[in-house]
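The values are calculated or read from the model by the stated rules, or taken from the named source; none is laboratory data. Since the model is a prediction, treat every value here as computed from it, not as a measurement. Cβ placement follows ideal geometry from the backbone for every residue including glycine, while neighbour counts extend to all protein chains displayed. Areas reflect the complete protein model, heavy atoms only, side chains present, ligands, DNA and RNA absent. Shrake-Rupley method; radii C 1.70, N 1.55, O 1.52, S 1.80 Å.
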Amino acid sequence: MRLALYQPDIAQNTGTILRLCACLGIPVDVIGPTGFDMSDRALKRAALDYLDHVDLTRHASFAEFMDRQASPGVGRGRLILLTAHAETPHVGFAFEPNDTLMLGRESAGCPESVHAKANARITIPMRPGLRSLNIAVTAAIALGEALRQTNGFLSP
């Protein structure tokens, strides 16, 4: 299981997600360009002392990320896009251990070209009339369900 962030806009959200993934042992891909400084110094400010505990891979572009996904021997599975514009709820989706869960930009989500590359699109069901959850909250909800289904939580 992996988590991928497509061109994130807000350093604090990225920091929260990096901390979540450090604690759960989940690798993270950050796909640029980002809306903030992605240097280790800047990320340490957002992720506090958890940055040294997360398996972080930075990609300059979505094309670079996709090339890495398809690399022989990498063993990455399906690309699962979380979006408010999907019909399949996260709890009705059958996750697999090698899935990569991708979240889009806070300001604009993902472009249609990224949607087209996803193997599946899922959503977190919400009350009608409300637009979206915070991206870090969405990551935690979806990742929790994916790890539950695949028995991927770390043993205490």
(message) Through the Karplus equation 6.51 cos²θ - 1.76 cosθ + 1.60, θ set to phi - 60°, convert the phi angles of segment 106-114 into ³J(HN,Hα) values in whole Hz; use x for Gly and Pro.
(response) 4, 7, 8, x, 10, x, 4, 4, 6
(message) When the expected Rg is taken as 2.2 N^0.38 Å, what fraction or multiple of it is the alpha-carbon Rg of segment 2-150?
(response) 0.97
(message) Given a 1.4 angstrom probe, I'd like the percentage of the accessible area of the chain that is carbon and sulfur, rounded to a whole number.
(response) 51 percent
(request) Excluding residue 106 itself, calculate the net charge of residues whose Cβ lies under 13 Å from the Cβ of residue 106, where each Lys or Arg counts +1 and each Asp or Glu counts -1. (result) +1
(request) May I ask you to evaluate 6.51 cos²θ - 1.76 cosθ + 1.60, the Karplus curve with θ = phi - 60°, for each residue of segment 82-89 and list the ³J(HN,Hα) values in order in whole Hz, giving x for glycine and proline? (result) 8, 8, 6, 9, 9, 9, 7, x
(message) Cβ neighbours within 10 Å, averaged per peptide: list 83-95, 136-148 in order, most packed at the top.
(response) 136-148, 83-95
(message) Checking the a/c ratio against 1.5 first, then a/b against b/c, what shape does the Cα gyration tensor give for segment 1-46?
(response) oblate
(request) Normalising by the residue count of segment 2-150, find the relative contact order in percent from Cα pairs under 8 Å and 6+ residues apart. (result) 27 percent
(message) Which one, 11, 126, 70, projects farthest toward the positive side of the charge dipole computed for the chain from Cβ point charges (K/R +1, D/E -1)?
(response) 126
(message) Let me spell out the model: positive unit charges on the Cβ of Lys and Arg, negative unit charges on the Cβ of Asp and Glu, origin at the Cα centre of the chain. What dipole size does that give, in debye rounded to 20?
(response) 180 debye
(request) Please work out the Cα center distance from segment 124-156 to segment 5-65, rounded to the nearest Å. (result) 18 Å
(message) So for each of 96-109, 15-28 I average, over its residues, the number of other beta carbons within 10 Å; can you give me the resulting order with the highest mean first?
(response) 15-28, 96-109
(request) For every helix of n ≥ 4 consecutive DSSP H residues, a contribution of -39,500 (n - 2.57) applies; sum these over the chain, divide by its total residues, and give [θ] at 222 nm rounded to the nearest 500 deg cm²/dmol. (result) -10000 deg cm²/dmol
(request) Taking H placed 1.01 Å from N in the peptide plane, check which residues at least 5 places from residue 56 or on another chain put their amide H under 5 Å from its amide H. (result) 28
